[in-house]
Amino acid sequence: MIYLKNIKLETIQDLRGALQTAIELEHATIPPYLTAMFTLYNTGNDEISNLIGSVVKEEMLHMSIACNVLNAIGGNPVINKPGFIPTYPGPLPGGVETGLIVPIAKFSKKLIKKVFMMIEEPETIIPIELMRVDAEKITIGKFYEKIKGQIDILETAANAVGKTIFTGDPSYQMTNNKWFPAQELFPITDKESAFRGIDLIVDQGEGTSTDPFVKESDLGTGEPEEPAHYYRFEEIYKGKRLVQNPDPAGEPKYSYSGAPIPYNTALIPNMTINPKMSDYPVNTVAYRNSKFFNYTYTNLLNSLHITFNGEPGKIDAAMGLMYSLRLYALKLLQTPDPNNPGFVAGPSYEYVTDDSLSLTEKAKLMETV
(Lines give C-alpha, C1' and ligand atoms only; values in the text may rest on other atoms or scores of the structure.)
Protein backbone atom coordinates (compact mmCIF):
# COMPACT_ATOMS: atom_id res chain seq x y z
CA MET A 1 0.00 0.00 0.00
CA ILE A 2 1.24 3.48 -0.73
CA TYR A 3 0.71 6.44 1.54
CA LEU A 4 0.30 10.09 0.63
CA LYS A 5 1.29 13.08 2.70
CA ASN A 6 -1.65 14.25 4.77
CA ILE A 7 -2.91 17.51 3.33
CA LYS A 8 -4.51 20.63 4.70
CA LEU A 9 -7.92 21.16 3.14
CA GLU A 10 -9.62 24.30 4.35
CA THR A 11 -10.12 26.66 1.42
CA ILE A 12 -11.21 26.42 -2.20
CA GLN A 13 -7.54 26.96 -3.15
CA ASP A 14 -6.54 23.96 -0.99
CA LEU A 15 -9.22 21.88 -2.73
CA ARG A 16 -7.99 22.91 -6.18
CA GLY A 17 -4.42 22.03 -5.15
CA ALA A 18 -5.53 18.59 -3.96
CA LEU A 19 -7.32 17.91 -7.25
CA GLN A 20 -4.18 18.94 -9.20
CA THR A 21 -2.27 16.38 -7.09
CA ALA A 22 -4.98 13.81 -7.92
CA ILE A 23 -4.49 14.50 -11.66
CA GLU A 24 -0.71 14.06 -11.31
CA LEU A 25 -1.17 10.90 -9.24
CA GLU A 26 -3.53 9.26 -11.74
CA HIS A 27 -1.19 10.16 -14.61
CA ALA A 28 1.91 8.87 -12.80
CA THR A 29 0.64 5.28 -12.79
CA ILE A 30 0.21 5.22 -16.57
CA PRO A 31 3.91 5.14 -17.75
CA PRO A 32 4.89 2.08 -15.66
CA TYR A 33 1.68 0.23 -16.61
CA LEU A 34 2.08 1.19 -20.29
CA THR A 35 5.71 0.04 -20.36
CA ALA A 36 4.85 -3.38 -18.92
CA MET A 37 2.10 -3.69 -21.52
CA PHE A 38 4.41 -2.64 -24.37
CA THR A 39 6.90 -5.38 -23.43
CA LEU A 40 4.17 -8.02 -23.83
CA TYR A 41 3.49 -7.13 -27.48
CA ASN A 42 3.66 -10.19 -29.75
CA THR A 43 4.92 -12.44 -26.94
CA GLY A 44 1.89 -14.72 -26.65
CA ASN A 45 0.73 -12.97 -23.46
CA ASP A 46 -2.30 -11.24 -24.95
CA GLU A 47 -4.62 -11.90 -22.01
CA ILE A 48 -2.21 -10.34 -19.52
CA SER A 49 -1.60 -7.44 -21.91
CA ASN A 50 -5.34 -6.85 -22.25
CA LEU A 51 -5.82 -6.89 -18.47
CA ILE A 52 -3.10 -4.26 -17.99
CA GLY A 53 -4.50 -2.28 -20.93
CA SER A 54 -7.94 -2.21 -19.29
CA VAL A 55 -6.37 -0.69 -16.16
CA VAL A 56 -4.45 1.89 -18.25
CA LYS A 57 -7.69 2.97 -19.94
CA GLU A 58 -9.38 3.40 -16.55
CA GLU A 59 -6.44 5.40 -15.17
CA MET A 60 -6.91 7.73 -18.16
CA LEU A 61 -10.62 7.90 -17.26
CA HIS A 62 -9.78 8.71 -13.63
CA MET A 63 -7.40 11.48 -14.71
CA SER A 64 -10.18 12.89 -16.92
CA ILE A 65 -12.69 12.80 -14.05
CA ALA A 66 -10.24 14.63 -11.76
CA CYS A 67 -9.73 17.27 -14.48
CA ASN A 68 -13.49 17.68 -14.87
CA VAL A 69 -13.99 18.11 -11.11
CA LEU A 70 -11.19 20.71 -10.98
CA ASN A 71 -12.69 22.60 -13.92
CA ALA A 72 -16.15 22.40 -12.30
CA ILE A 73 -14.95 24.29 -9.21
CA GLY A 74 -13.24 27.00 -11.23
CA GLY A 75 -9.71 25.56 -11.35
CA ASN A 76 -7.35 25.01 -14.28
CA PRO A 77 -5.64 21.62 -14.74
CA VAL A 78 -1.91 22.01 -15.47
CA ILE A 79 -0.54 19.12 -17.53
CA ASN A 80 2.07 20.64 -19.87
CA LYS A 81 4.93 21.48 -17.50
CA PRO A 82 8.20 19.54 -17.06
CA GLY A 83 7.53 18.83 -13.36
CA PHE A 84 4.23 17.16 -14.22
CA ILE A 85 6.15 14.03 -15.25
CA PRO A 86 7.46 12.20 -12.16
CA THR A 87 11.01 10.92 -12.03
CA TYR A 88 11.30 7.16 -12.46
CA PRO A 89 12.39 5.40 -10.35
CA GLY A 90 10.73 7.44 -7.62
CA PRO A 91 7.68 7.93 -5.43
CA LEU A 92 4.28 8.81 -6.86
CA PRO A 93 3.17 12.47 -6.66
CA GLY A 94 2.00 13.36 -3.17
CA GLY A 95 3.63 10.23 -1.77
CA VAL A 96 5.71 10.06 1.36
CA GLU A 97 9.46 9.75 0.88
CA THR A 98 9.57 6.36 2.57
CA GLY A 99 6.83 5.01 0.36
CA LEU A 100 6.86 2.83 -2.72
CA ILE A 101 9.52 3.54 -5.36
CA VAL A 102 8.00 3.06 -8.83
CA PRO A 103 10.32 1.96 -11.69
CA ILE A 104 9.98 1.80 -15.47
CA ALA A 105 10.52 -1.90 -16.16
CA LYS A 106 9.58 -4.78 -18.41
CA PHE A 107 6.66 -7.01 -17.42
CA SER A 108 7.27 -9.61 -14.73
CA LYS A 109 5.13 -11.16 -12.04
CA LYS A 110 7.49 -9.63 -9.47
CA LEU A 111 6.67 -6.16 -10.89
CA ILE A 112 2.96 -6.95 -10.61
CA LYS A 113 3.27 -8.15 -7.00
CA LYS A 114 5.83 -5.69 -5.62
CA VAL A 115 4.77 -2.52 -7.44
CA PHE A 116 1.44 -2.58 -9.30
CA MET A 117 -0.49 -4.37 -6.54
CA MET A 118 1.12 -2.08 -3.97
CA ILE A 119 -0.11 0.98 -5.90
CA GLU A 120 -3.69 -0.32 -6.07
CA GLU A 121 -3.86 -2.09 -2.71
CA PRO A 122 -7.06 -1.25 -0.77
CA GLU A 123 -7.13 -0.70 2.96
CA THR A 124 -9.34 -3.69 3.65
CA ILE A 125 -6.78 -6.22 2.38
CA ILE A 126 -4.50 -5.52 5.37
CA PRO A 127 -5.85 -5.21 8.93
CA ILE A 128 -5.17 -1.52 9.38
CA GLU A 129 -5.36 -1.75 13.15
CA LEU A 130 -2.18 -3.83 13.10
CA MET A 131 -0.26 -1.25 11.10
CA ARG A 132 1.47 1.76 12.57
CA VAL A 133 0.22 4.53 10.30
CA ASP A 134 1.29 7.94 11.42
CA ALA A 135 -1.10 10.84 11.25
CA GLU A 136 0.94 12.55 8.54
CA LYS A 137 0.20 9.76 6.05
CA ILE A 138 -3.05 8.82 4.30
CA THR A 139 -3.99 6.20 1.70
CA ILE A 140 -5.21 7.11 -1.79
CA GLY A 141 -8.74 6.13 -0.79
CA LYS A 142 -8.57 8.43 2.26
CA PHE A 143 -7.11 11.17 0.06
CA TYR A 144 -10.20 11.09 -2.15
CA GLU A 145 -12.45 10.90 0.93
CA LYS A 146 -10.85 14.11 2.20
CA ILE A 147 -11.52 15.77 -1.16
CA LYS A 148 -15.18 14.72 -0.98
CA GLY A 149 -15.42 15.97 2.60
CA GLN A 150 -14.02 19.38 1.70
CA ILE A 151 -16.31 19.66 -1.34
CA ASP A 152 -19.23 19.01 1.02
CA ILE A 153 -18.05 21.58 3.58
CA LEU A 154 -17.35 24.34 1.03
CA GLU A 155 -20.50 23.72 -1.03
CA THR A 156 -22.72 23.68 2.08
CA ALA A 157 -21.19 26.97 3.23
CA ALA A 158 -21.61 28.51 -0.22
CA ASN A 159 -25.23 27.34 -0.51
CA ALA A 160 -26.01 28.95 2.87
CA VAL A 161 -25.35 32.37 1.34
CA GLY A 162 -26.97 31.56 -1.99
CA LYS A 163 -23.76 30.66 -3.83
CA THR A 164 -21.97 27.54 -5.09
CA ILE A 165 -18.36 26.43 -5.51
CA PHE A 166 -19.27 24.90 -8.89
CA THR A 167 -18.50 28.07 -10.81
CA GLY A 168 -16.50 26.56 -13.67
CA ASP A 169 -17.44 26.99 -17.33
CA PRO A 170 -19.57 23.90 -18.25
CA SER A 171 -18.14 23.99 -21.79
CA TYR A 172 -14.76 22.91 -20.33
CA GLN A 173 -16.17 19.52 -19.27
CA MET A 174 -14.67 16.73 -21.40
CA THR A 175 -17.00 13.84 -22.25
CA ASN A 176 -16.52 11.64 -25.30
CA ASN A 177 -18.46 8.40 -25.73
CA LYS A 178 -16.00 7.20 -28.40
CA TRP A 179 -13.34 6.73 -25.73
CA PHE A 180 -15.26 6.46 -22.42
CA PRO A 181 -18.84 5.26 -21.67
CA ALA A 182 -21.29 8.02 -20.73
CA GLN A 183 -21.99 6.23 -17.42
CA GLU A 184 -18.32 6.59 -16.46
CA LEU A 185 -17.32 9.99 -17.88
CA PHE A 186 -20.01 12.64 -17.51
CA PRO A 187 -20.15 16.41 -16.89
CA ILE A 188 -19.32 17.45 -13.33
CA THR A 189 -21.73 20.26 -12.50
CA ASP A 190 -22.57 19.88 -8.81
CA LYS A 191 -21.71 18.03 -5.60
CA GLU A 192 -23.66 14.91 -6.57
CA SER A 193 -21.92 14.45 -9.93
CA ALA A 194 -18.51 15.21 -8.34
CA PHE A 195 -19.10 12.55 -5.65
CA ARG A 196 -20.25 10.05 -8.29
CA GLY A 197 -17.06 10.59 -10.29
CA ILE A 198 -14.78 10.31 -7.25
CA ASP A 199 -16.58 7.15 -6.05
CA LEU A 200 -15.99 5.56 -9.47
CA ILE A 201 -12.25 6.34 -9.24
CA VAL A 202 -11.99 4.64 -5.84
CA ASP A 203 -14.24 1.68 -6.73
CA GLN A 204 -12.39 0.88 -9.96
CA GLY A 205 -9.03 1.24 -8.27
CA GLU A 206 -9.57 -0.50 -4.94
CA GLY A 207 -13.06 -2.05 -4.99
CA THR A 208 -15.44 -1.60 -2.10
CA SER A 209 -14.71 -2.92 1.39
CA THR A 210 -17.02 -5.89 0.76
CA ASP A 211 -16.83 -6.65 -2.97
CA PRO A 212 -13.78 -6.90 -5.28
CA PHE A 213 -15.95 -6.47 -8.39
CA VAL A 214 -17.09 -3.18 -9.91
CA LYS A 215 -20.79 -3.59 -10.57
CA GLU A 216 -22.83 -2.99 -13.72
CA SER A 217 -24.68 -0.24 -11.83
CA ASP A 218 -21.40 1.72 -11.68
CA LEU A 219 -20.24 0.88 -15.20
CA GLY A 220 -23.48 1.26 -17.15
CA THR A 221 -26.16 -1.06 -18.48
CA GLY A 222 -24.69 -3.94 -20.48
CA GLU A 223 -21.16 -3.38 -19.20
CA PRO A 224 -19.76 -6.63 -17.71
CA GLU A 225 -18.69 -6.69 -14.07
CA GLU A 226 -14.93 -6.63 -13.65
CA PRO A 227 -12.54 -6.85 -10.70
CA ALA A 228 -11.09 -3.61 -9.34
CA HIS A 229 -7.48 -2.85 -10.37
CA TYR A 230 -5.85 -4.52 -7.36
CA TYR A 231 -7.72 -7.77 -7.97
CA ARG A 232 -7.09 -7.63 -11.74
CA PHE A 233 -3.36 -7.45 -11.02
CA GLU A 234 -3.67 -10.29 -8.51
CA GLU A 235 -5.39 -12.39 -11.22
CA ILE A 236 -2.24 -11.92 -13.31
CA TYR A 237 0.02 -12.80 -10.38
CA LYS A 238 -2.01 -15.88 -9.40
CA GLY A 239 -2.48 -16.96 -13.03
CA LYS A 240 -6.21 -17.57 -12.56
CA ARG A 241 -9.37 -15.53 -13.00
CA LEU A 242 -11.19 -14.30 -9.90
CA VAL A 243 -14.66 -15.87 -9.53
CA GLN A 244 -17.53 -15.54 -7.09
CA ASN A 245 -18.87 -18.64 -5.32
CA PRO A 246 -22.12 -19.60 -7.13
CA ASP A 247 -23.60 -20.51 -3.72
CA PRO A 248 -24.45 -17.16 -2.04
CA ALA A 249 -23.95 -18.80 1.38
CA GLY A 250 -20.81 -20.68 0.32
CA GLU A 251 -17.26 -20.00 1.52
CA PRO A 252 -14.96 -18.67 0.36
CA LYS A 253 -17.11 -16.07 -1.31
CA TYR A 254 -14.42 -15.28 -3.88
CA SER A 255 -11.45 -17.29 -5.12
CA TYR A 256 -8.80 -17.29 -7.84
CA SER A 257 -10.10 -20.55 -9.27
CA GLY A 258 -11.42 -19.42 -12.63
CA ALA A 259 -9.94 -19.89 -16.10
CA PRO A 260 -6.12 -19.94 -16.22
CA ILE A 261 -4.27 -16.88 -17.52
CA PRO A 262 -1.41 -18.06 -19.76
CA TYR A 263 2.05 -16.64 -19.07
CA ASN A 264 5.07 -17.17 -21.32
CA THR A 265 8.35 -15.44 -20.50
CA ALA A 266 10.27 -16.65 -23.55
CA LEU A 267 9.70 -13.69 -25.88
CA ILE A 268 9.49 -10.78 -23.41
CA PRO A 269 12.26 -8.33 -24.40
CA ASN A 270 15.07 -7.90 -21.90
CA MET A 271 14.60 -4.15 -21.41
CA THR A 272 17.10 -2.18 -19.33
CA ILE A 273 15.31 -1.04 -16.17
CA ASN A 274 14.70 2.72 -15.72
CA PRO A 275 16.23 3.85 -19.04
CA LYS A 276 17.11 7.52 -19.63
CA MET A 277 17.58 9.29 -22.95
CA SER A 278 20.92 10.63 -21.73
CA ASP A 279 22.11 7.05 -21.20
CA TYR A 280 22.37 6.56 -24.95
CA PRO A 281 25.25 8.00 -27.03
CA VAL A 282 24.04 10.75 -29.37
CA ASN A 283 23.64 9.59 -33.00
CA THR A 284 22.73 6.05 -31.97
CA VAL A 285 19.41 4.52 -33.00
CA ALA A 286 18.50 4.11 -29.33
CA TYR A 287 19.05 7.84 -28.66
CA ARG A 288 17.04 8.91 -31.71
CA ASN A 289 14.07 6.65 -30.93
CA SER A 290 14.17 7.66 -27.25
CA LYS A 291 14.05 11.32 -28.25
CA PHE A 292 11.19 10.74 -30.69
CA PHE A 293 9.28 8.77 -28.04
CA ASN A 294 9.74 11.56 -25.47
CA TYR A 295 8.84 14.26 -28.02
CA THR A 296 5.60 12.40 -28.82
CA TYR A 297 4.90 11.95 -25.10
CA THR A 298 5.42 15.67 -24.47
CA ASN A 299 3.06 16.51 -27.36
CA LEU A 300 0.51 14.14 -25.83
CA LEU A 301 0.68 16.05 -22.53
CA ASN A 302 0.37 19.37 -24.40
CA SER A 303 -2.67 18.04 -26.22
CA LEU A 304 -4.28 16.90 -22.96
CA HIS A 305 -3.57 20.32 -21.42
CA ILE A 306 -5.41 22.02 -24.27
CA THR A 307 -8.25 19.46 -24.01
CA PHE A 308 -8.86 20.22 -20.33
CA ASN A 309 -8.43 23.97 -20.68
CA GLY A 310 -11.31 24.86 -22.94
CA GLU A 311 -11.04 22.65 -26.03
CA PRO A 312 -12.49 19.24 -25.01
CA GLY A 313 -12.76 18.17 -28.67
CA LYS A 314 -8.95 17.92 -28.76
CA ILE A 315 -9.17 14.60 -26.90
CA ASP A 316 -9.30 12.87 -30.30
CA ALA A 317 -5.86 14.31 -31.18
CA ALA A 318 -4.51 13.22 -27.78
CA MET A 319 -5.74 9.67 -28.24
CA GLY A 320 -4.17 9.60 -31.71
CA LEU A 321 -0.81 10.47 -30.13
CA MET A 322 -1.21 7.46 -27.82
CA TYR A 323 -0.94 5.23 -30.89
CA SER A 324 2.21 7.06 -32.06
CA LEU A 325 3.65 6.60 -28.58
CA ARG A 326 3.18 2.84 -28.89
CA LEU A 327 4.96 2.89 -32.27
CA TYR A 328 8.12 4.45 -30.79
CA ALA A 329 7.99 2.27 -27.69
CA LEU A 330 8.00 -0.85 -29.86
CA LYS A 331 10.89 0.56 -31.92
CA LEU A 332 12.89 1.08 -28.72
CA LEU A 333 12.14 -2.45 -27.55
CA GLN A 334 13.61 -3.76 -30.82
CA THR A 335 16.77 -1.64 -30.44
CA PRO A 336 19.84 -3.05 -28.65
CA ASP A 337 20.90 -0.98 -25.64
CA PRO A 338 24.34 0.39 -26.71
CA ASN A 339 25.54 0.38 -23.09
CA ASN A 340 24.25 -3.02 -21.98
CA PRO A 341 24.95 -6.02 -24.24
CA GLY A 342 22.06 -8.48 -24.08
CA PHE A 343 19.53 -5.77 -23.23
CA VAL A 344 17.27 -3.57 -25.34
CA ALA A 345 16.42 0.12 -24.98
CA GLY A 346 13.13 1.30 -23.51
CA PRO A 347 10.86 4.33 -23.06
CA SER A 348 11.90 6.93 -20.48
CA TYR A 349 8.98 9.43 -20.35
CA GLU A 350 10.93 12.69 -20.34
CA TYR A 351 10.00 16.25 -21.34
CA VAL A 352 11.27 17.02 -24.87
CA THR A 353 9.93 20.09 -26.67
CA ASP A 354 9.97 21.10 -30.32
CA ASP A 355 13.00 23.33 -29.63
CA SER A 356 15.00 20.26 -28.60
CA LEU A 357 14.84 18.71 -32.07
CA SER A 358 17.34 19.57 -34.81
CA LEU A 359 16.17 20.13 -38.39
CA THR A 360 17.57 16.70 -39.29
CA GLU A 361 15.65 15.07 -36.44
CA LYS A 362 12.44 16.83 -37.44
CA ALA A 363 12.83 15.55 -41.00
CA LYS A 364 13.48 12.03 -39.73
CA LEU A 365 10.46 12.27 -37.45
CA MET A 366 8.23 13.18 -40.39
CA GLU A 367 9.45 10.10 -42.29
CA THR A 368 8.19 7.82 -39.52
CA VAL A 369 4.76 9.43 -38.96
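The values are calculated or read from the model by the stated rules, or taken from the named source; none is laboratory data. Keep in mind the model is a prediction, meaning the values are calculated, not measured. Cβ: placed from backbone, ideal geometry, glycine included. Neighbour counts: every protein chain shown. All accessible areas refer to the heavy atoms of the entire protein, side chains included, with ligands and DNA or RNA removed. Shrake-Rupley method; radii C 1.70, N 1.55, O 1.52, S 1.80 Å.
Taking amide H as placed 1.01 Å from N in the peptide plane, the amide H of V214 sits under 5 Å from that of E226, A228, each at least 5 places away or on another chain.
Could you work out the relative contact order of the chain, using alpha carbon pairs under 8 angstrom and six or more residues apart, expressed as a whole percent?
Working: 570 pairs, mean separation 75.7, N = 369.
Relative contact order here is 21 percent.
Between I101 and V285, the simple spin-label model (points 7 angstrom out along Cα→Cβ) gives 3.2 nm.
Among the listed pairs K5/K276; K113/K253; K114/K240, those with a Cα-Cα distance over 21 Å are K5/K276; K113/K253. Between A249, A158, A318, the Gaussian network model of the chain with springs among Cα atoms under 10 angstrom shows the greatest mean-square fluctuation at A249.
Taking the structure as given and computing mean projected area of the Cα convex hull in nm², which label from (i) 20.3; (ii) 19.2; (iii) 26.4 fits? Here mean projected area of the Cα convex hull in nm² agrees with entry (i).
Backbone N atoms of the stretch 146-181 closer than 14 Å to the 7 Å Cα→Cβ label point of E311 are not found in any residue. Under a Gaussian network description of the chain, with springs only between Cα atoms under 10 Å, the residue in A259, A317, A228 that fluctuates furthest is A259. Span-like helix criteria (full DSSP H runs; alpha carbon extent of at least 20 Å along the helix axis; mean Kyte-Doolittle hydropathy of at least 0.0) are satisfied in the chain by 46-72, 315-333.
In the neighborhood of T265, defined by Cβ-to-Cβ distances under 13 Å, what is the net charge if each Lys or Arg adds +1 and each Asp or Glu adds -1?
On the way: positive: K106, K109, K110; negative: none.
Net charge in that neighbourhood comes out at +3.
Result for the chain in a Gaussian network model with C-alpha springs under 10 Å: among M271, M117, M319, the largest mean-square fluctuation is at M319. Residues whose amide H comes within less than 5 Å of that of Y254, counting only those at least five positions distant or on another chain, are N245 (H built at 1.01 Å from N in the peptide plane).
Divide by every residue of the chain the summed helix terms, -39500 (n - 2.57) for each DSSP H run of at least 4, and state the resulting mean residue ellipticity at 222 nm, rounded to the nearest 500 deg cm²/dmol.
Values: 11 runs with 160 residues, N = 369.
The helix contribution divided over the chain gives -14000 deg cm²/dmol.
Under 5 Å between amide hydrogens, built in the peptide plane, is the criterion, and for V344 it picks out N270, M271, T272, D337 among residues at least 5 positions away or on other chains.
What net charge do the residues around N177 carry, taking every other residue with its C-beta under 15 Å from that of N177, with Lys and Arg at +1 and Asp and Glu at -1?
-1
Taking E24, E192 and ordering them by how much accessible surface each has at a 1.4 Å probe, largest first, produces E192, E24. Here the label points at K364 and M118, each 7 Å from Cα along the C-beta direction, are separated by 3.6 nm in the simple model.
In plain terms, the chain from K110 to N76 could stretch by 8.4 nm, reckoned as 0.36 nm per residue minus the Cα-Cα distance. Distance between the 7 Å Cα→Cβ label points at Q334 and N177: 3.8 nm.
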